[in-house]
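Input: a single structure, listed below in structure tokens.
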Amino acid sequence: SSSADRSAQSGVLISAAASTRDVMEELAADFSDKQQLDVRVNSGASSALARQIIEGAPAHLFLSANRDWAEEVEKEGRAAQIIPLLSSRLVVVVPKGNPAGIDGAADLYSDKVKILALAESQVPAGKYADEVLGKLQLLSSLEASRRIVRASDVRTALRFVQHREADAAIVYATDAKISSDVEVLFAFDERLHSKIEYTLVILTSAKERPGALEFAKFLQSSQAHVRYKQLGFTPLFEPVDAK
Amino acid sequence: MSRESHLQFSAGTKYATGFSVELAFDAAPGITAIVGSSGSGKTTILQMIAGLVTPLRGSILLGSRTLYSQTLGISLPPEDRKIGYVFQDYRLFPHLSVEANLHYGLARSPDQKLELIQVAEKLQLKQLLKRFPRSLSGGERQRVAVARAVLQSPALLLLDEPWSAVERELRDTMATWIESVVEQLSIPAILVSHDEASVARYAQKIVTLDKQ
Amino acid sequence: MSRESHLQFSAGTKYATGFSVELAFDAAPGITAIVGSSGSGKTTILQMIAGLVTPLRGSILLGSRTLYSQTLGISLPPEDRKIGYVFQDYRLFPHLSVEANLHYGLARSPDQKLELIQVAEKLQLKQLLKRFPRSLSGGERQRVAVARAVLQSPALLLLDEPWSAVERELRDTMATWIESVVEQLSIPAILVSHDEASVARYAQKIVTLDKQ
Amino acid sequence: MATMSDAEWEAIRLTLLVALTAVAFSLPLAMVTGWVLAKWQFPGKFLLETAVHLPLVLPPVVTGYLLLVTLGRQSFIGSLLESQLGLRMVFDWKGAAIASAVVGFPLLVRPIRLAFASVDPRLIEAARTLGASPRDAFLSITLPLSRPGILSGCVLAFARSMGEFGATMMIAGSIPGQTRTVPLMIYAMLDTPGGQATAERLVVASVIIAAAAMLASELLQRYAARQAEGSHG
Amino acid sequence: MATMSDAEWEAIRLTLLVALTAVAFSLPLAMVTGWVLAKWQFPGKFLLETAVHLPLVLPPVVTGYLLLVTLGRQSFIGSLLESQLGLRMVFDWKGAAIASAVVGFPLLVRPIRLAFASVDPRLIEAARTLGASPRDAFLSITLPLSRPGILSGCVLAFARSMGEFGATMMIAGSIPGQTRTVPLMIYAMLDTPGGQATAERLVVASVIIAAAAMLASELLQRYAARQAEGSHG
Ligand SMILES: Nc1ncnc2c1ncn2[C@@H]1O[C@H](COP(=O)(O)OP(=O)(O)OP(=O)(O)O)[C@@H](O)[C@H]1O
Ligand SMILES: Nc1ncnc2c1ncn2[C@@H]1O[C@H](COP(=O)(O)OP(=O)(O)OP(=O)(O)O)[C@@H](O)[C@H]1O
Ligand code: MOO
Ligand SMILES: [Mg+2]
Ligand SMILES: [Mg+2]
């Protein structure tokens, strides 16, 4: 208990959307080493993170997977500043080798796709996928024919394809990169869905916490910029290099 | 005969099944026997005295203490009655050794007038002190039950068939010893027994319970 | 005297506590009593006969059937021995009514030579058939145990203190009735009882077990 | 409740189907396991106990993941089931029932084991002398005397099944009207704008079903107790 | 296990701390509840039963959500705890312990209730005539005779706590070295490239801890049984 209590009193805490956990933990470790400051990452679904912050979780920064939950936190008066940080592409993945021989978006509603895995509608990735399928006028027919399996998060949707239980899934480009059992078939046109916007929220509590603002700056540094790109994110900022 | 430890029983009750029993008797220090056929209500009377069955009417007095009184609305809880009860079905504590069973009432009694070891010796239980009830013979269990009840130095002793499972010789040893304990403590003992010989020999008074 | 239903017992055993017992006796149809002081091993002998305690040596034969034989490596399971056992601690089934308790062995017996109602009447249990063991008096329980064991029309009857909880009159009724049943079925009955009067009166043979 | 949508009713129907199937099918195995744990002594018995408790110790998602790997199309069992019997577990209510059965198994076994262990062996001996084989004595004595424990295990497993999320989601997915049970639907609705009302209705429905289950078990228990006028002979 | 990282050890330490705290602190309340359910008869008793079972019936995420709302800073209880005692539950291991305690509560109560109910009331009567007050008789007779049931409940609740994910995640978050218990870490690693090995190690560690718990309960039980040479007097 002692170490945990101490860090809660002195360190910086960022609540980051599950899909950014790996990169956030990596950047936090880098920053902690350099600055002799303890930065910890709490990860989970953006919705849960937002609720925790609203209920008084002692976080200083919040990286939401979309803008909605960032604004929710702002509405409750807990946000000092909102910064669009990253974007990503929405892609269709299929099992390695494309066994069903899916050709393009049009094939999503065909006998080739018996099961299409999506994240639940309230999970950001699922919401974007719904928008895309809606625009393509596929959503209601897919749902009516019960070909859509909803996963509790986007990684589980990916896993269904990995295990060849689903014929295809709609996930972030960044998720597709972590598995060698799947291949990306194509990315959707970004105009088919509202903008994917990982949003950094500097919480009001960040001001009194030494290092919190510095870490927020570090997340916008050129070093971070490079890492984001390597992992498949699209940075939405110009690097502002912190010393 | 000291009024202090005189039992005055006058009460009755009724079970859901319809069976009802009613009795009035006095018991001075010494052994009073209650006899009656099987199912006539002897155990029920003892349970009313001990506070385990609540009478529907009447009163039970022990010396100057009112154990139960319908009119006064008094009903002492069993643990405050200071009554030693040898149950017809023994009721030894299965998780306690014989010694711990014997110690149970002794430890909870304010005045400990008897020694555990001496009582165990009298009832031929000394070899069994470390054993548990499960591995005892019928007669052995019965003797543990008697020793346990007596060891708390009660103000009244209830004996429900206390020697039905032992041979004549041991029965006489037990009866003689209980007679002496009752005298030593100067308390009444209520004996329920189907053994006419021991009732005739040891009871100073016999109350007969008729099936109603 | 038919060889067919003769009990030949010659066996011994030992408990983990060190107690050991050894006995050899024959029992012809009719009542054979085993007497001995409390803890001398009477119940243990009955349990060996019933197949509930395994002997360490010897053999137990019932008529032409080998119930147990150390040398032949035979030990019949209790349910194949056709032995009616009245336990010293009754062992009524708490979840079954008196009637269902009585019915238990009867229903599992190939030849049902006795009628439930008649047996219940004989042992004054007719009023109790719908009741459950929990609400019976000591003597009532004991009579249910006796009736249950007898009703299965056994090839041998084991009676461990079968009338210790009933008054003289009822005891004689029970003993006379058992005598007649034993005669009717032409089977041996082994009686363990501390009641010298009934042993003397009803047992055709008395085996004495000495504490070893 | 007049406002419940078809999808909600469907989720409730499915949840009841899954929970009842799970309990009904795992009960026999739970009894055997309970018996072995209660009556047998063997070296390394605690290993069997550990195995029984594993689904409780592992996060449900992990259990679900292992089930996916074991019963999925790529697995030996899964492919066998599909080719031989035409049975598909993944994305099917039967998979959800298996997930519930596995996750609820320890809850079912423990009270049953305890109940079996506490039946007085002297009564079994008495039954044997009255002509009952071990199996007969089990059915006529041990089983009825263990009823409170068995009932207890069933209630726990049923309740657990009503709330099972992680393992179900992994193996059965969440297909509206097909595998979306109440907990999966609550999850889906919790953070959906406007879904709060549905989530609340479903929570209330779960609570009502649980209350009904408790009432049923209470009544069954009381009925059994009245039958026996208490279990102490 | 030589290859376990500090973070993994920390998760294990934390999980044990959370699980043991949860069981230890909920045990007294579980005993009281078990007693009331076993011994009292009152109208609407099944409602209390339902309430006790709620954490089992509700998906853990929902339980966690309700805890977050109840114990959060904006709540009455949460603000009181923080202002009066300086205790914060959200994002703290104490919150995780509360989540575990709540989720495991029904598993703790059921076997205890059953054990209390099956103690022969005639023994309690005997204890009373020997001078024991109801409280004394409870401590000296009911409690020791209920040991198997109490132990059973503790094992179930402990095991459940070892695998608790949904509710913990909601109230305590998943902060490495601070609130990331083993199940949360397994879940995180499942999705991390190269995290599979860590996940597997942690699953093995959970299994070992569970086995140790079973062994301990088995030994305690055997010890208690040897003390009593069986519980049928
Ligand atoms: N709890 C109970 N509920 C209903 N009836 C009961 C209960 N206990 C005893 N009875 C009945 O009340 C009557 C008297 O019982 P009691 O045990 O007092 O008899 P007893 O004189 O002690 O008989 P015994 O010598 O056979 O032990 C019996 O007919 C018995 O069946
Ligand atoms: N399961 C057991 N384990 C160890 N010792 C036992 C066991 N059962 C009985 N004994 C002991 O063996 C001896 C004989 O017991 P048994 O029950 O056969 O006696 P009994 O002759 O029937 O006595 P009683 O007339 O008192 O019933 C006793 O000393 C008893 O303590
Ligand atoms: O990172 Mo999310 O909150 O699973 O879309
Ligand atoms: Mg009586
Ligand atoms: Mg005996």
Label distances, nm, B:Asp172 versus same residue in remaining copies, Cβ-directed 7 Å point: 2.4
For A:Thr234, residues with placed amide H under 5 Å, excluding near neighbours: A:Ser87, A:Ser88
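Filter the cross-link list B:Lys82/B:Lys113; D:Lys39/E:Lys45; A:Lys75/A:Lys127; A:Lys127/A:Lys177 down to pairs whose alpha-carbon distance in this structure exceeds 24 Å.
On the way: B:Lys82/B:Lys113 14 Å; D:Lys39/E:Lys45 34 Å; A:Lys75/A:Lys127 21 Å; A:Lys127/A:Lys177 21 Å.
The pairs that break the limit, which is 24 Å between Cα atoms, are D:Lys39/E:Lys45.
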Nearest-20 debye value, the protein assembly as shown charge dipole, Cβ charges on Lys, Arg, Asp, Glu: 1360
Percent of beta bridges antiparallel (DSSP, the protein assembly as shown, rounded to nearest 5): 55
Crossing angle, helix D:6-39 versus chain D [Cα axis fit, 0-90 degrees, rounded to tens]: 30
Formal net charge of residues neighbouring A:His193 (Cβ-Cβ distance under 14 Å; K, R +1; D, E -1): 0
Sorted largest first, extent of segment A:1-139 alpha carbons per principal axis (Å): 58, 35, 27
Alpha carbon centroid spacing (whole Å) that separates segment A:58-74 from segment B:134-155: 74
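Give the calculated FRET efficiency between A:Ala144 and A:Lys112 to the nearest 0.05, with a Förster radius of 25 Å applied to their Cβ-Cβ distance. Walk me through the intermediate numbers first.
Working: r = 18 Å, r/R0 = 0.71.
Calculated transfer efficiency: 0.90.
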Calculated P(r) of the protein assembly as shown - Cα pairs past 43 Å, %: 50
Lys/Arg +1, Asp/Glu -1 at C-beta; segment C:153-212 dipole; positive extreme among C:Thr173, C:Ile190, C:Pro162: C:Ile190
Choice from A:Pro99, A:Pro84, A:Pro58 with maximal GNM fluctuation in chain A (Cα, 10 Å cutoff): A:Pro99
Nearest-10 value in Å² for the accessible area of D:Cys154, using the 1.4 Å probe: 30
GNM result for chain C, Cα springs below 10 Å: residue of C:Arg171, C:Arg148, C:Arg201 fluctuating most strongly: C:Arg201
Closest-to-axis residue of chain B (Cβ criterion, axis taking B to C), whole Å: B:Ser164, 2
Chain A, relative contact order [Cα under 8 Å, separation at least 6], %: 27
Amide H within-cut-off set for B:Ala189, under 5 Å, with H built and near neighbours excluded: B:Gly30, B:Ile31, B:Thr32, B:Leu157
Chain C shape via C-alpha gyration tensor axes, a/c threshold 1.5: prolate
On Cα atoms only, tilt of A:222-231 relative to the major axis of chain A in degrees: 20
Charge sum, other residues only, whose C-beta stays under 14 Å from E:Phe42's C-beta, Lys/Arg counted +1 and Asp/Glu -1: +1
Two-decimal Rg to Rh for segment E:6-232 - Kirkwood Rh, Cα set: 1.04
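Order of D:78-88, B:77-87, C:123-133 by packing, highest average Cβ count within 10 Å first?
B:77-87, C:123-133, D:78-88
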Percent of beta bridges antiparallel (DSSP, segment C:7-208, rounded to nearest 5): 55
Hz values of 3J(HN,Hα) by residue in segment B:23-36 - Karplus curve (6.51, -1.76, 1.60), Gly and Pro given as x: 7, 9, 7, 10, 9, 8, x, x, 9, 10, 9, 10, 10, x
Among beta bridges that DSSP assigns inside chain A, antiparallel share in %, nearest 5: 60
Unit Cα scatterers, Debye sum, chain A: log10 I(q)/I(0) for q = 0.15, 0.18 Å⁻¹: -0.99, -1.27
Chain D: relative contact order as a whole-number percent, Cα under 8 Å and 6+ apart: 29
Table column - 3J(HN,Hα) (Hz), segment D:69-78, Karplus curve with 6.51, -1.76, 1.60, x for Gly and Pro: 5, 7, 10, x, 4, 7, 8, 4, 4, x
Net charge of neighbours whose Cβ lies under 9 Å from the Cβ of E:Arg122, counting Lys and Arg as +1 and Asp and Glu as -1: -2
C-alpha center-to-center spacing [segment D:69-86, segment B:38-82] in angstrom: 72
Pseudo-label separations to other copies for B:Gly18 - Cα-to-Cβ vector, 7 Å, nm: 5.7
For C:Arg134, inter-copy label distances in nm, listed shortest first [label point 7 Å out on the Cα-Cβ vector]: 2.4
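Take peptide D:115-125, look around each residue's Cβ out to 10 angstrom, count Cβ atoms belonging to other protein chains, and average those counts. Can you show the working numbers first?
Working: counts 4, 0, 5, 8, 1, 6, 3, 7, 6, 2, 9.
Counting other chains' Cβ atoms within 10 Å and averaging over D:115-125 gives 5.
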Charge dipole (debye, nearest 20) of segment D:44-158; +1 at Cβ of Lys and Arg, -1 at Cβ of Asp and Glu: 40
For chain A, built as a Gaussian network whose Cα springs stay under 10 Å, the top-fluctuating residue of A:Ser46, A:Ser140, A:Ser152: A:Ser140
Spin-label pair D:Leu48/D:Gln178, simplified geometry with 7 Å Cα→Cβ offset, distance in nm: 4.0
Other-chain or far-sequence residues with amide H under 5 Å of A:Ser15's (modelled H): A:Asn42, A:His60, A:Leu61, A:Phe62, A:Leu63
Which listed pairs, of A:Lys207/E:Lys94; A:Lys114/A:Lys195; A:Lys114/D:Lys94; B:Lys42/B:Lys205, have C-alpha distances above 21 Å, in listed order: A:Lys207/E:Lys94; A:Lys114/A:Lys195
Förster radius 41 Å - calculated FRET efficiency between E:Glu200 and A:Ser87 (Cβ-Cβ, nearest 0.05): 0.75
Segment E:151-195 and segment C:179-203: distance between their alpha carbon centers, rounded to Å: 70
Förster radius 60 Å - calculated FRET efficiency between B:Ala16 and B:Glu183, Cβ distance, rounded to 0.05: 0.90
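The values are calculated or read from the model by the stated rules, or taken from the named source; none is laboratory data. Computed from a prediction, not measured in an experiment: that's the story for all the values here. Because the Cβ atoms are built from the backbone with ideal geometry, glycine has one as well, and the counts that use them run over all protein chains shown. Calculation scope for accessible area: heavy atoms of the full protein, side chains included, ligands and nucleic acids excluded. Shrake-Rupley method; radii C 1.70, N 1.55, O 1.52, S 1.80 Å.
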